[in-house]
Amino acid sequence: MGKIDLASIKAVDVHCHPYVANEEPYSPEEYLRKLSLSVMPNMFKKSREGSTEKIFPGMNMYMQITIQRLAKYFGCKPDLRDVVAKRNEEAKDFSVFTQKLFKDVKLEGMVVDFGYPTPPLSKDDYQELTGVPIWEVYRIEPVMVRLRESHETFGAFVEAYREDLKEALKQRHIVGLKTIIAYRSGLEIGEKNEQLAKDQYEEFRLNDRPRVKEFRDYCFHIAMEECTNSDKVLHIHTGFGDGEVVLPKASPSFLIDLLRSEKYADTKVHLVHGGYPWMEEAAFITSILPNVYLDISLQNPFVGHGVERIISQVYELAPFDKVMYGSDAFTVPEMNWLGVLLFKECFERVLADWINKGYMDKDMAVEIAEHMMYKNFERVYSDYI
Ligand SMILES: [Zn+2]
């Protein structure tokens, strides 16, 4: 039978975020909160004082799997309180803890979005903490916010903004730009219209986080242009995310006209999170457009047992050379670790099923896994890594 073991294959995580050590040990509740996508304080309910319940408010399958796998890793009882106690002990030397977890699953490189958390953490510190090579995507939204302070007119802003992106893209370790326009005005991006953008500049300057769709669309086009000029990649957040996303406008299908336009035929685009829950749309787009790629971060590991389903679903249309491994880990190294661990065990089951059905032999299955885990990344980003 087609048993397959992916443990020896290295992983490069193409989308995640940095973090620092916690200063105080976590309570079980705080720890669950760290694992949650409900990043806003009022989104997470507290359990009753003195409760001994096994199920904490907000606990889901992904958290349950994390607890179960960590208990195995630590050799303790699969109970949140025991796991967190053990974790607090082990994480006293945070760097040793982190690097042991990374080595355990052969996580050997990461593309990091330093745009979250804010204020940004230091790349050098994070590199030292993790001990693996780190590449970076450079987020455009913080640049827009920074430059609006010092530029009174739209014209001066646009010039400074373009210059800033250009300078960033000159740095070798920056593999591309990143946009979270799906969190601000959505992915239904219009034509590049200078007058409409200019009309909204004042509103963008005066308010903390206004929608100003025309203005944001204009800035998005400039990012696409600069990625094209430097032959680097634009990472676009697609699909769900943390609690603030503009969900009705987050499907990658909103991008299709733009992506297939003549102007951007050579632009490399990376659909971050593979558009979940619209991953078939993302997969379809990568299947028809030669320069569009996707990763499975965020859906993996946050859909828990669903990771097996989403791997199978993405490959219904996505070519083998277009999909990349990712986690979107953003608070603790256990997230990076569980990302690889859960992904590999689910992928093993999917591949074993394909071998058993006679769709491929074991060699082909391993080749597909290697492409997903690191080869596609190394090919697409070969000029800067
Ligand atoms: Zn992210």
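Each residue, Lys10 and Asp321, gets one label point 7 Å from its Cα in the Cβ direction; the gap between the two is 2.2 nm. Remark: for residue pairs Lys103/Lys344; Lys72/Lys100; Lys72/Lys357; Lys178/Lys249; Lys34/Lys92, the C-alpha separation exceeds 21 Å in Lys72/Lys357.
With N denoting the number of residues in the range 220-357, provide Rg(C-alpha) divided by 2.2 N^0.38 Å, to two decimal places. Walk me through the intermediate numbers first.
Details: Rg = 15.3 Å, N = 138, 2.2 N^0.38 = 14.3 Å.
Computed over Cα atoms of the range 220-357, the ratio equals 1.07.
Note on the range 94-140: Kirkwood radius taken over Cα pairs, Stokes-Einstein applied at 4 °C and 1.567 mPa s, translational D equal to 114 µm² s⁻¹.
Counting only aspartates and glutamates at least 8 places from Lys170 when in the same chain, those with an alpha carbon closer than 15 Å to its own are Glu136, Glu225, Glu226, Asp231, Asp383. Of the residues Met110, Met364, ranked by 1.4 Å probe accessible area with the largest first, the sequence reads Met364, Met110. Count Lys and Arg as plus one, Asp and Glu as minus one, and take only other residues whose Cβ is under 10 Å from that of Leu298; the net charge is then -3. Length gained on full extension, Gln64 to Lys103: 11.8 nm, using 0.36 nm per residue less the C-alpha separation. What's the FRET efficiency of Asp242 with Thr153 using the Cβ-Cβ distance as r and R₀ = 45 Å, to the nearest 0.05? The value I calculate is 0.85. For the set Lys263/Lys322; Lys77/Lys375; Lys123/Lys322, the pairs lying more than 31 angstrom apart at their alpha carbons are Lys77/Lys375.
Pairwise Cα separations in the range 286-343 fall into 10 Å bins from 0 onward with the following percentages, short to long: 24, 49, 24, 3. Taking 0.36 nm per residue of separation and subtracting the current Cα-Cα distance, fully stretching the chain between Gln127 and Ser95 would add 10.5 nm.
Mind giving me the FRET efficiency for Arg162 and Asn193? R0 is 25 Å, r the Cβ-Cβ distance, nearest 0.05 is fine. Mind dumping the intermediate values first?
On the way: r = 17 Å, r/R0 = 0.66.
Efficiency for this residue pair is about 0.90.
May I ask you to derive the FRET efficiency for Ser27 and Asp383 from their Cβ-Cβ distance with R0 = 45 Å, giving the value to the nearest 0.05? FRET efficiency, Ser27 to Asp383: 0.45.
Along the chain, counting only trypsin sites (Lys or Arg not before Pro) with a DSSP assignment other than H, G, I, E or B and at most 12 other Cβ atoms inside a 10 Å radius, the longest segment between sites is 173-356. Taking the chain as a Gaussian network, where each spring joins two C-alpha atoms under 10 Å apart, which residue of Ala223, Ala250, Ala156 fluctuates the most? Maximum among the listed residues: Ala156.
For the chain, the percent of C-alpha pairs falling in each 10 Å distance bin, counted from 0 to the bin holding the largest distance, reads 5, 23, 32, 25, 12, 3, 0.
The values are calculated or read from the model by the stated rules, or taken from the named source; none is laboratory data. Quick caveat: nothing in here was measured; it's all calculated off a predicted structure. Ideal geometry is used to build each Cβ from the backbone, glycine not excepted, and the neighbour counts take in all protein chains shown. Note: areas computed on protein heavy atoms with side chains; ligands, DNA, RNA excluded. Shrake-Rupley method; radii C 1.70, N 1.55, O 1.52, S 1.80 Å.
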